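Every read-out reported here was derived from the displayed coordinates using simple, explicitly stated rules and does not represent laboratory data. Small disclaimer: the values here were computed from a predicted structure and weren't measured. FYI the Cβ positions are ideal-geometry reconstructions off the backbone, even for glycines, and counts take in every protein chain you see.
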Amino acid sequence: MDLSTYFFGFLAVSVFLLMIAITIYNNLVNSKHAVSQAWSNIDILLKQRHDELPKLVETCKQYMQFEQATLNMVMQARARIASAREATDVSSLGAAEGMLRMGLGNLYAVAEAYPELKASEKFQYLQTRISSLENGIADRREFYNESVKNNNVLIDQFPEIIIARWFGFGARDLLEFSIEDKADPNLGKLFA
């Protein structure tokens, strides 16, 4: 075999490896953007809910003069979520979401003791709207976590791990809630 055969063989292998590297890089970029898009979908709903919570608290204040601790809990959770959302801090967001879920659960449970509040059209609308947003966030959270899982698996596979490390593609955090955050509020404690 002459030198040109080795050269063309080397060139063919090099082009083949370059095409594989380009394909891997493009897959990593697609995965990264899928996670970003999934986060954006959650962020939109978080912002909408963020805007609705003060309306709910104000409506409740008109009827629930002695339940300030419950209302404050909702507003503190709202502030923590806004802060975590702006910082794109997924782990802090998960903790703040749990705090908000507990606060809203407490708020809705306490509202049962106020028939005029429960009958208020504004309260009913806001409760339905926020519950709808909660369901949307839960659905989009599943999609986000699936996108994160796919991204994290992709960057840990061989040969993708080589390209991922070389170009700085990193793992992303799942949006998770702790067991305590998922628990229903203790209604006996609320009415004791």
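Structure notes:
- Residue 161 paired with residue 119, simple spin-label distance in nm, labels 7 Å along Cα-to-beta-carbon: 6.6 nm
- Between 0 and 90°, nearest 10: helix 121-156 axis offset from the chain longest Cα axis: 20 degrees
- Listed residues 29, 15, 90, most fluctuating in the chain (Gaussian network, C-alpha, under 10 Å): 15
- Here the gap between residue 112 and residue 4, fully extended at 0.36 nm per residue and compared with their Cα-Cα distance, gives a gain of 30.3 nm.
- Calculated P(r) of region 67-117 - Cα pairs past 18 Å, %: 35 percent
- Exposure proxy ranking for 59, 23, based on other Cβ atoms within 10 angstrom of each Cβ and starting from the fewest, stands as 23, 59.
- Measuring between their Cα centroids, region 27-102 and region 103-155 lie 10 Å from each other.
- In plain terms, the residue of 33, 50 with the fewest other Cβ atoms within 10 Å comes first and the most crowded comes last, giving 33, 50.
- With contacts taken as Cα pairs under 8 Å and at least 6 residues apart, the chain reaches a relative contact order of 32 percent.
- Counting beta carbons within 10 Å around each of 13, 35 and listing the fewest first gives the order 13, 35.
- The residue list 39, 24, 79 was ranked by how far each Cα lies along the charge dipole of the chain toward its positive end, using unit charges on Cβ atoms, and 79 comes out on top.
- Lysine-lysine proximity count for the chain, Cα under 30 Å, sequence distance 8 or more or distinct chains: 22
- Candidate values [x] 108; [y] 148; [z] 118, label of the one derived for volume of the Cα convex hull per residue in Å³: [x]
- Cα→Cβ-extended label distance, 7 Å offset, between residue 87 and residue 36, nm: 2.2 nm
- For region 1-67, the Kirkwood hydrodynamic radius from C-alpha pairs, put into Stokes-Einstein at 20 °C and a viscosity of 1.002 mPa s, yields a diffusion coefficient of 124 µm² per second.
- Maximal additional length on extending the residue 13-residue 25 stretch stands at 2.5 nm, based on 0.36 nm per residue less the C-alpha distance.
- Estimated vicinal HN-Hα couplings, Hz - region 159-176 in sequence order (Karplus 6.51, -1.76, 1.60; Gly, Pro = x): x, 4, 4, 5, 5, 4, 5, 4, 9, x, 6, x, 6, 10, 8, 6, 8, 10
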